[in-house]
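The block underneath contains the structure these notes are about, expressed in structure tokens.
Where a number appears in this text, it was derived from the coordinates with a stated rule and is not lab data. Quantities reported herein were computed from a predicted structural model and do not represent experimental measurements. Neighbour counts are summed over all protein chains in view; Cβ atoms, including those assigned to glycine, are modelled from backbone coordinates with ideal geometry.
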Amino acid sequence: MNGATASKEFLMIQKLIEDKCGIVLGQEKAFLLESKLSKMLEESDFMSFDDLYRKICYWNDPEIVDLVIEAVTIKETFWFRDKTPWQILEELLLPTYIKELRDGSRDKVRIWSAACSYGQEPYSVAMCIDNYLEREGFMDIKLSSFEILATDISRTALQTAEAGIFDNISILRGLDDHYKYRYFQNKGRIWRIDDRIKESIQFRQFNLINEFFEKFDLIFFRNVLMYFSERLKKEMLNKINMSLDPHGIFFIGSSELLNDYNLYFSMEHYKNGIYFKAK
Ligand SMILES: C[S@@+](CC[C@H](N)C(=O)[O-])C[C@H]1O[C@@H](n2cnc3c(N)ncnc32)[C@H](O)[C@@H]1O
């Protein structure tokens, strides 16, 4: 994007990205987008920016679509991000789920990590549950009673997530020694998650602007709504509502604010945390 056409091109690409994956790139992100697309140009075989731009506009070349998505998604994540969801899971939800599994009023607990990035979130869920079952001595309830679906739009993030292999730096972010040595094998700079934990999660590429899956008891919808427009956020709330079990709940990130949830959800407080409960 150079010279006189810069702003026209930015507006068109901006609209395209919002239409295709919901992500709103404000005008202040023009420079960021330009530098990311320029990097794509350097690394690919395109002749010119116009060539790249035309291919983006047609949006029918899966390779280009992936490149653009990789360029515009922010995949920041870490283990056991925010303290309170894990506290709520252990202290409020797991005791209830386990009671219901035991008395036969449910046979599964279904959990969705809806923008799982490199996998730290769904792996934290699986480790948290497994550790809880072991610590509390629930020998009759297995991790396999919990179905965990993890999705993201980014192919590269999902590749890392599915491989379950992390480097020395990412392993340090939020993971305490107990979890690190209990659930990972270390070789040199590589940390590989236990197969049992890995196999408890189903990973799938999924764009949140599509129709959601059904029906979940618990949805981690964290640190992704913030990239969407107000209109799309409202649409997402409706879809989360449809996708949750009547008593289901969902989490957002601790630094996120949610408006207009009242129609479908109540906001519940637990210690310093909040969660949203289907009405
Ligand atoms: C900041 S990360 C959040 C990761 C994790 N939930 C957490 O809180 O640590 C945001 C993720 O949302 C994903 N994302 C953005 N737009 C999406 C869309 N339309 N559909 C699915 N995933 C999307 C990105 O690829 C990225 O991995």
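The table for this structure:
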{"read-out": "Degrees separating the helix 49-58 axis from the principal Cα axis of the chain, which is the longest one", "value": "50"}
{"read-out": "Relative contact order computed over the chain (Cα-Cα under 8 Å; 6+ residues apart), in percent", "value": "18"}
{"read-out": "HN-Hα J in Hz across region 140-156 - Karplus 6.51, -1.76, 1.60, θ = phi - 60°, x for Gly and Pro", "value": "7, 10, 10, 4, 5, 6, 10, 8, 10, 9, 10, 10, 7, 7, 7, 5, 5"}
{"read-out": "Region 129-206-region 17-47 distance, computed between alpha-carbon centres (Å)", "value": "32"}
{"read-out": "Under-5 Å amide H pairs with Lys75, H placed in peptide plane, nonlocal only", "value": "none"}
{"read-out": "Residues whose placed amide H lies under 5 Å from that of Gly253, excluding near-sequence neighbours", "value": "Asn223, Val224"}
{"read-out": "Estimated Rh, the chain: Kirkwood, alpha-carbon pairs, angstrom", "value": "20.3"}
{"read-out": "Taking Tyr53, Tyr118 and counting other C-beta atoms within 10 Å, the order from fewest to most", "value": "Tyr53, Tyr118"}
{"read-out": "Cβ-defined net charge surrounding Phe212, 15 Å radius [Lys, Arg +1; Asp, Glu -1]", "value": "0"}
{"read-out": "Environment charge of Ser243, counting only residues whose C-beta is closer than 12 Å and scoring Lys/Arg +1, Asp/Glu -1", "value": "-1"}
{"read-out": "Computed FRET value (nearest 0.05) for Asp177 with Thr156, which takes r as the C-beta separation and R₀ as 41 Å", "value": "0.90"}
{"read-out": "Label point distance in nm, Glu63-Asp245, each placed 7 Å from Cα along Cα→Cβ", "value": "4.5"}
{"read-out": "Arg81, Arg189 arranged by Cβ crowding within 10 Å, fewest neighbours leading", "value": "Arg189, Arg81"}
{"read-out": "Extended-chain gain in nm, criterion 0.36 nm per residue less alpha-carbon gap, Lys277 and Glu70", "value": "71.3 nm"}
{"read-out": "Backbone HN-Hα couplings from phi across region 244-259 [Karplus 6.51/-1.76/1.60, Hz, Gly and Pro as x]", "value": "8, 4, x, 9, x, 9, 9, 10, 10, x, 5, 9, 9, 10, 10, 9"}
{"read-out": "Whole-Hz couplings from phi, Karplus 6.51/-1.76/1.60, listed for region 120-127; x for Gly and Pro", "value": "4, 5, x, 5, 5, 4, 5, 5"}
{"read-out": "Gain upon complete extension [Leu41, Glu147; 0.36 nm per residue less C-alpha separation]", "value": "34.1 nm"}
{"read-out": "Net length gained if the chain between Asn262 and Arg135 were fully extended (0.36 nm per residue, minus Cα distance)", "value": "42.0 nm"}
{"read-out": "Computed [θ] at 222 nm, deg cm²/dmol, the chain (DSSP H ≥ 4; -39,500 (n - 2.57); rounded to nearest 500)", "value": "-13000 deg cm²/dmol"}
{"read-out": "Förster radius 30 Å - calculated FRET efficiency between Arg196 and Lys99, Cβ distance, rounded to 0.05", "value": "0.80"}
{"read-out": "Surrounding net charge for Tyr179, when Lys and Arg each add one and Asp and Glu each subtract one, Cβ distance under 11 Å", "value": "-2"}
{"read-out": "Exposure proxy order (Cβ contacts within 10 Å, fewest to most) of Glu136, Glu70", "value": "Glu136, Glu70"}
{"read-out": "Share of Cα-Cα pairs in region 146-279 lying beyond 24 Å, as whole percent", "value": "41"}
